[in-house]
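This report refers to the structure that appears directly beneath it.
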Amino acid sequence: MVKIKPLEDIIRSHAFFDGLTPDISSLIAGCARNVRFKAGEMIYRLGDAADTFYVVRHGRVALEMPAAGKALCVETLDGGDILNASWLVPPYTCRFDARAVDDTRAIAFDAVCLRQKCDADSAVGYDLMKRFVPVMVERLTHARIQAMDLYAGGSTAQ
Amino acid sequence: MLSADQVKPGAQAVLSRADFDHLITVLQAEGYDVIGPTVDNGAVVYQEIDNAGALPEGVASRQAAGRYRLEKRADNALFGYIAGAQSWRPYLFQPSRTVWRAEKSGDELSFTEPEEPAPKMAFLGMRACELAAIELQDRVFMNGDAPDPDYAARRSGALFIAVNCGEAGETCFCVSMDTGPKVTRGHDLVLTELIAPDAHDFLVEIETEAGAEIARKLPLRAAEPQEVGRADAILAETAQSMGRALDTNGLKEILQDNQDAPQWGDVAERCLSCANCTLVCPTCFCNTTEDVTALDGESAERRQRWASCFNLDFSYLHGGPVRPSVEARYRQWMTHKLAHWIDQFGDSGCVGCGRCISWCPASIDITEEAAALRRHAEEADNGEN
Amino acid sequence: MTAVSAQTDPYRPQVWRIVEKQMETADTATLALEPKDRANAMPFEPGQFNMLYAFGGGEVPISISGDPRETGRIIHTIRAVGSVTRPLIAHERGALVGLRGPFGAGWPVEAARGKDLLIIAGGLGLAPLRPAILDALHRRSAFQRIVILYGAKDPDSLLFLGDIADWRGRPDVGFDVTVDRAGQDWHGNIGVILRLIKAAHFDPANAVAFICGPEVMMRLAADELMARDLPQDSIYVSLERNMKCAFARCGHCQFGPHFVCKDGPVFRLDRIRALLQTPEI
Ligand SMILES: Cc1cc2nc3c(=O)[nH]c(=O)nc-3n(C[C@H](O)[C@H](O)[C@H](O)COP(=O)(O)OP(=O)(O)OC[C@H]3O[C@@H](n4cnc5c(N)ncnc54)[C@H](O)[C@@H]3O)c2cc1C
Ligand code: SF4
Ligand code: SF4
Ligand code: FES
């Protein structure tokens, strides 16, 4: 028989949850399940309820802004990244389309379940926030750098 | 009269004022264009002169921050002014010149330098700081394996007849920069003007063989010990009467380590970015090239001309200048002059001539700006302790 | 007294012929040049540049983007942005241009011998790095890992597509590319190059990094490398400044005490970091 790795172990071995205490991992594992997406499959769409928070294990997901007839990709996320920041922020609505570019595996957390656990035990909430905020700040910084359109200048300099 | 074999490098002799014309005639006979001081437009400038009558006899120059004016002296000194308004720089490093011409026709493209023989020039009346400035420009234009052909040709043919300064100007600080007032190197001949109630002579000191060749043709007499003594005394007094001083101790680090000091913003409020200081400075070497095409579209030429770090386009990169603010441009000029020069060419780029002070329309004084920055640096240091 | 031998005039260009021209993107072309006078083969160091003259238009610094082992022809990759670069790449095959060079201090490929070599390119910055990459790949075994990370605006602005395919296919090269934006037909990374640096495999205790791209990008990339414990003295960047002479004589390219044309364009980061962080140097 193939031994299946318990979900809790998978969670704790993910970069985002590095150093998570067993208490918290078993608590949040109750909100989690394994998911897979085929290349090209839509994970969620702009405007959907942000009822799921993902941590990507393998594969690649593109965040896209749908526009007339075609979509513009603004960022790709790979193994180790988190997906759907909107789970945490009212009104809990997805801000982009998320599409699997390659076959992708992820852990999906039920957002309502996770929010309840955070509200019930502020130590859990605080631990997750401490993981979440640096990632968001880094993404914001990166987005700003992208917005500078660095390579548009004439040469290498500007 | 001295015999010809007494007139050799290292020798001292005396030329009387009455015989001074001979110097110019001999230089001309030897094929030199004589460039010397003369009064033009209210300033002493260096121009080609035909005879000693063109020299600024009895003229004094008074300078102060943002000011320059000529006065009459009580005596008839020929070199009684402070160093000229413009230095000798334009004669060696031309303000504008054609570098090459390009011809294009069919499958041909060729480049040719203009065939202009460099003039053979004798510079008469060079001051110690000016010789020091030329030594610095030599390091820029004649360094490495590719000397600037135009500069090198002008420079190698030139004869330098220096004059020791009989007095210091209000904006002079060569003593601080260790470049004067005594002429010690770089010259072929050096004169010290000796004026007494009953005599007007020049102590002539011969430095090089090229200088000796000219001196041999002059009616020189042996120098008396007291004449040599008087020349020394004059120089000592000049050295004592510098109008300005610049403390160079640790100045390089002070400038390079305080590029974000508030003093830069302060001077930027006064600086007009007019580039005058860079035009009159004898050591400024920045230049630019321009390529122009003739109307026929088949020939083009490259021109080189003086440029200034105060101009916006000096640092232009696609998208804009690197130093858009006056603050950054003044900082560049002063830091380069007093600090980066030492890294780049081994010595400060300032010889203490004071021209940038006299000719600044905003009366900005490089010695005061350096002192202000030093005070800032010292306060910052004290604050840390 | 006549001028010093015209041959030694450092301002006089040599005449070179454009023997090949390939458009890399809508505004960027790679030109192959050969000396009109066959005697002029030109050895160069990766990272060095030439001054290219378009007849009547003017002269600009352009990095050499070709293989340093191929000295008979010189490769330049030029983006048309202004009054000189536009006519330069408007030239057709067979046209003659003026060329002076090579100038400057290039990438110290030797310093990476026995170590991991990280090449980080942004936009057109891949052009000056290409000779270093080709040089390193020629003697692949002299290095440990070779990692090439390339950031560009979008898939259409990627340069050297042939090389990219080659590097991507090599098991002994860690190649990755990211773009700022793309359509759905792009399967690669989208995002800043910092993400690639963060994920790159290298040994910070035994690695050398060469970075070339917009100044802001180089600064950020260097910070990211330093966050991964790569010391400043193992990081090299290539700077760009206005240049007129290319041999420390016109003053235009000054960067603090340095002449970018002669002391650079490639600098070791620890020697210039304070200047890089001071505005308007
Ligand atoms: C060491 C070095 C290597 C370079 N390598 C490349 C390369 O491989 N490929 C490439 O496409 N470009 C390269 N550049 C940039 C290239 O030199 C400029 O794009 C070019 O000078 C712009 O000239 P222009 O006349 O077409 O543009 P304009 O905007 O019309 O510029 C006017 C003038 O400003 C100056 N100038 C403008 N931008 C720059 C700049 N970025 N760098 C220096 N001077 C500038 C030049 O004197 C130019 O003639 C390099 C620059 C440097 C300093
Ligand atoms: S910086 Fe001013 S004082 Fe110094 S050499 Fe230049 S002009 Fe003279
Ligand atoms: S310091 Fe004076 S002379 Fe120099 S640019 Fe400023 S205003 Fe002009
Ligand atoms: S380009 Fe002229 S000094 Fe560097």
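The values are calculated or read from the model by the stated rules, or taken from the named source; none is laboratory data. What you see is a predicted model; the values in this text were computed from it and never measured. A quick note on method: Cβ atoms are made from the backbone with ideal geometry, for glycine too, and the neighbour counts reach across all protein chains shown. When the accessible area is computed, the model is the full protein with side chains, heavy atoms only, and any ligands, DNA or RNA have been set aside. Shrake-Rupley method; radii C 1.70, N 1.55, O 1.52, S 1.80 Å.
With helices as the sole contributors, chain A gives -10000 deg cm²/dmol at 222 nm; each DSSP H run of n ≥ 4 counts as -39500 (n - 2.57), and the sum is divided by every residue.
If R0 is 41 Å, the Cβ-Cβ spacing of B:E103 and B:Q28 corresponds to a FRET efficiency of close to 0.60.
Compactness ratio for segment A:1-55: Cα radius of gyration over 2.2 N^0.38 Å (N = residue count) comes to 1.36. Note: relative contact order over segment B:21-92, using C-alpha pairs below 8 Å and six or more positions apart, is 26 percent.
The amide H of C:G47, built 1.01 Å from its N in the peptide plane, has C:I64, C:W107, C:A132 as neighbours under 5 Å, considering only residues 5 or more places off or on other chains. Near C:T178, the amide H atoms lying under 5 Å from its own belong to C:Y150, C:G151, C:A152; only residues 5 or more places off or on other chains count, and H is placed 1.01 Å from N.
For chain B, averaging the sequence separation of C-alpha pairs within contact (under 8 Å, six or more residues apart) and dividing by the residue count gives a relative contact order of 22 percent.
Counting only C-alpha contacts under 8 Å and six or more residues apart, can you give the relative contact order of segment C:69-175 as a whole percent?
Value for segment C:69-175: 23 percent.
Taking a Cβ cut-off of under 14 Å around A:Q116, the surrounding Lys, Arg, Asp and Glu residues balance to a net charge of -2, with basic ones at +1 and acidic ones at -1.
Return the ratio Rg/(2.2 N^0.38 Å) for segment C:109-276, where Rg is computed over Cα atoms only.
Here the answer is 1.03, to two decimals.
For C:Q277 and B:D381, the FRET efficiency from 1/(1 + (r/R0)^6), where r spans their Cβ atoms and R0 equals 25 Å, is about 0.75.
For segment C:44-148, GluC sites (Glu not before Pro) are listed when DSSP marks them as loop and at most 11 other Cβ atoms sit within 10 Å of their Cβ; the list is C:E92. Kirkwood Rh over alpha-carbon pairs of chain C, then Stokes-Einstein at 4 °C and 1.567 mPa s: what D in µm² s⁻¹, rounded to an integer? Estimated diffusion coefficient is 67 µm²/s.
Take the accessible area of chain B alone and of chain C alone, subtract that of the pair, and you get about 4200 Å² summed over both chains, using a 1.4 Å probe. For the pair B:E115 and B:T293, label points projected 7 Å from Cα toward Cβ lie 2.8 nm apart. Note on A:L46: accessible area is roughly 80 Å² with a 1.4 Å probe, heavy atoms of protein only. Diffusion of segment C:14-103 by Stokes-Einstein, at 10 °C in a medium of 1.306 mPa s and with Rh set to the Kirkwood radius over alpha-carbon pairs, works out to 125 µm²/s. Remark: accessible surface ordering of C:E215, B:E213 (largest first) is B:E213, C:E215, probe radius 1.4 Å. Can you list the residues in segment C:176-195 whose accessible area drops by at least 50 Å² when all protein chains are present, compared with the chain alone? Use a 1.4 Å probe, heavy atoms only. Residues losing area: C:D180, C:R181, C:Q184, C:H187, C:I190, C:V192, C:R195.
Take the Cβ atoms of C:D37 and C:R268, set R0 to 35 Å, and the FRET efficiency comes out at 0.40. With all pairs of separate Cα atoms included, segment B:117-178 yields a Kirkwood hydrodynamic radius of 13.2 Å. Residues of segment C:230-254 that lose at least 20 Å² of accessible area (1.4 Å probe, protein heavy atoms only) when the other protein chains are present, relative to their chain alone, are C:E240, C:R241, C:N242, C:K244, C:A248, C:R249, C:C250, C:G251, C:H252, C:Q254. Both radii come from the Cα set of the protein assembly as shown: Rg as radius of gyration, Rh as Kirkwood radius; their ratio Rg/Rh reads 1.10. Restricted to Cα atoms, chain B shows a radius of gyration and a Dmax of 22.8, 75 angstrom. Size of chain A from its Cα atoms: along the principal axes, largest to smallest, the extents are 55, 36, 31 Å. Please label the shape of segment B:159-267 as rounded, prolate or oblate, based on the square roots a ≥ b ≥ c of the eigenvalues of the alpha-carbon gyration tensor (a/c under 1.5 means rounded; beyond that, a/b larger than b/c means prolate, else oblate). Cα axes put segment B:159-267 in the prolate bin.
In segment C:266-281, which residues give up 50 Å² or more of accessible area once the other protein chains are added, compared with their chain alone (1.4 Å probe)? When all protein chains are present, C:E280, C:I281 each give up 50 Å² or more of accessible surface. A 1.4 Å probe run over chain B, with the rest of the protein chains in place, finds 41 Å² accessible per residue.
Based on DSSP H segments of at least four residues, each scored -39500 (n - 2.57), chain B has a per-residue ellipticity at 222 nm of -9000 deg cm²/dmol. Only protein heavy atoms count here, probed at 1.4 Å, and on that basis chains A and C bury about 2700 Å² of accessible area in total. The distance between label points at C:D156 and C:D223 comes to 3.1 nm (points 7 Å beyond Cα on the Cα→Cβ vector).
Temperature 4 °C, viscosity 1.567 mPa s: under these conditions the Stokes-Einstein estimate for segment B:251-384, based on its Kirkwood radius over C-alpha pairs, is 79 µm² per second. For segment A:109-114, putting each phi into the Karplus relation 6.51 cos²θ - 1.76 cosθ + 1.60 with θ = phi - 60° gives couplings of 10, 5, 5, 5, 4, 5 Hz, in residue order, rounded to whole numbers and with x for Gly and Pro.
Expressed as a fraction of 2.2 N^0.38 Å, the value expected for a compact globular protein of N residues, the C-alpha radius of gyration of segment C:222-281 is 1.20. The string of couplings for segment B:334-347 from the Karplus curve (6.51, -1.76, 1.60, θ = phi - 60°) is 6, 5, 4, 4, 9, 10, 4, 3, 5, 5, 7, 10, x, 9 Hz, one whole number per residue in order, with x for Gly and Pro. Distance between the 7 Å Cα→Cβ label points at B:M142 and B:T208: 0.7 nm. In the complete set of protein chains, residue-level accessible area for A:S25 is approximately 0 Å², probe 1.4 angstrom. Consider all pairwise Cα distances in segment B:1-133 and report the whole-number % of them above 25 Å. So the portion of pairs separated by more than 25 Å is 43 percent. Shown here is the pair-distance distribution of segment A:106-152: with all Cα-Cα distances grouped in 5 Å bins from zero up to the longest one, the shares run 5, 18, 16, 18, 14, 11, 8, 6, 4, 1 percent. Inverting the pair-averaged 1/r between distinct Cα atoms of segment B:89-214 gives 17.1 Å as its Kirkwood hydrodynamic radius.
Using the Karplus relation 6.51 cos²θ - 1.76 cosθ + 1.60 with θ = phi - 60°, the per-residue 3J(HN,Hα) values for segment B:79-92 come to 10, x, 8, 7, 2, x, 4, 10, 7, 7, 3, x, 7, 9 Hz, with x marking Gly and Pro.
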